[in-house]
1. Lone cysteines in the chain, defined as no other cysteine's Cβ under 4.7 Å from theirs: which are they?
2. Take residue 122 and residue 13, extend 7 Å from each Cα along the Cα→Cβ direction, and tell me the distance between the two endpoints in nm.
3. So what is the calculated 222 nm ellipticity per residue for the chain, using -39500 (n - 2.57) for each DSSP H run with n of 4 or more, over all residues, to the nearest 500 deg cm²/dmol?
4. Which of rounded, prolate, oblate describes the stretch 231-290, given a ≥ b ≥ c as roots of the alpha-carbon gyration tensor eigenvalues and a/c under 1.5 marking rounded, otherwise prolate only if a/b is larger than b/c?
5. Could you work out the relative contact order of the stretch 1-71, using alpha carbon pairs under 8 angstrom and six or more residues apart, expressed as a whole percent?
6. Report the label-to-label distance for residue 265 and residue 185 in nanometres (one decimal), using points 7 Å from each Cα along the Cα→Cβ vector.
7. Please give the peptides 304-314, 127-137 ranked by average Cβ packing (other Cβ atoms within 10 Å per residue), highest first, as a rough proxy for protection.
8. Multiply the residue gap between residue 101 and residue 285 by 0.36 nm, knock off their C-alpha separation, and tell me the result in nm, one decimal place.
Amino acid sequence: MNVHDFYYDLPEELIAQDPLEDRSSSRLLILDKKTGEMEHKHFKDIVSYLNPGDCLVLNNTKVIPARLIGARENTGAKVEVLLLTRKDNDRWEALVKPGKKARPGDVIIFGNGELKAEVEEIIDDGKRIVHLIYEGIFEQVLDALGEMPLPPYITHQLKDKERYQTVYAKHKGSAAAPTAGLHFTKELLEEIKEKNIEIANVTLHVGLGTFRPVKVENVLEHKMHSEYCWIDQEEADKINRCKQNGGRIIAVGTTSCRTLESCTDENGVVQAKSGWTDIFIYPGYQFKIVDALITNFHLPESTLIMLVSALASREIILNAYKTAVDMKYRFFSFGDAMFIK
């Protein structure tokens, strides 16, 4: 399986740079995964395509303002630190730019010294382990000094930090938003509940590896990044009950999908568990629990377009993407959505 098999041509002007004012007014492409038939709606119409007894699974992770701009303590030179994964207490795995000058023992100062980062060691892919030094409550310090770590293809400044959070975000820890969930409003979720559709929550802290390009020609040689996820017993029970009663399990986003598939046993039963997952889903994968997927439009040749091509087929997905380009849908994090049913 070649990475170029998942290429499509995307005009740059279709990459959404700003979120819509009304979350649920984005466009929605309805795709039949078996026939490839398509309908074109708006996201608020999703309710009509969900049936009583279905279970909608949300990833309730919360993005932290993990991008910090500071200066080297000894020279005053500008340094950017992107916090990726909390290791223990105040030690973080981080990306530091410019990286060559961030050596063990170096100290970076943020704000007026309310926060400092000491570089402890250099690890794989040029990342660093940094020790953060501060007084008070870390989350408050980070909220005051940090910026939202928007994906590299978004060049506009985000006016409202909350627009890069889902309305149901709860557990802090992500370096990127689970963007399929950005289309939901609280009112829309209430409407879904009133239709007797179960809503379950899982948590996966999204890492920046989600944007990492596949650098090998042979897809099977790609090493997938790890992300921390968990499902509580109560939520696992909801999902299993729905499946037993003949309802569909509808994952909201590739992160919910990866969490569900990582926590489901070979008998198709979701287990309450927590841990790191590096599950890589590509065509040929047999889904154990997920029946349908609400998702955004993904980058060409990315692991995410491979995942959606596993649920439908590569040909059906690429045809849907071509249609979306022709109809000028908005792409990527702040773009429009697709419901693969």
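A short reminder: the numbers here are calculations on the coordinates, not readings from a lab. What you are looking at is a predicted structure, and each value in this text was computed from that prediction instead of being measured. We place every Cβ from the backbone using ideal geometry, glycine too, and count neighbours over all the protein chains shown.
1. Cysteines lacking a close Cβ partner in the chain: 229, 257, 263.
2. A separation of 4.4 nm, rounded to one decimal place.
3. Working: 6 runs with 60 residues, N = 341.
Result for the chain, helices only: -5000 deg cm²/dmol.
4. oblate
5. This gives 18 percent for the stretch 1-71.
6. 4.3 nm
7. The densest-packed peptide leads the list: 304-314, 127-137.
8. Value of the extension gain: 62.0 nm.
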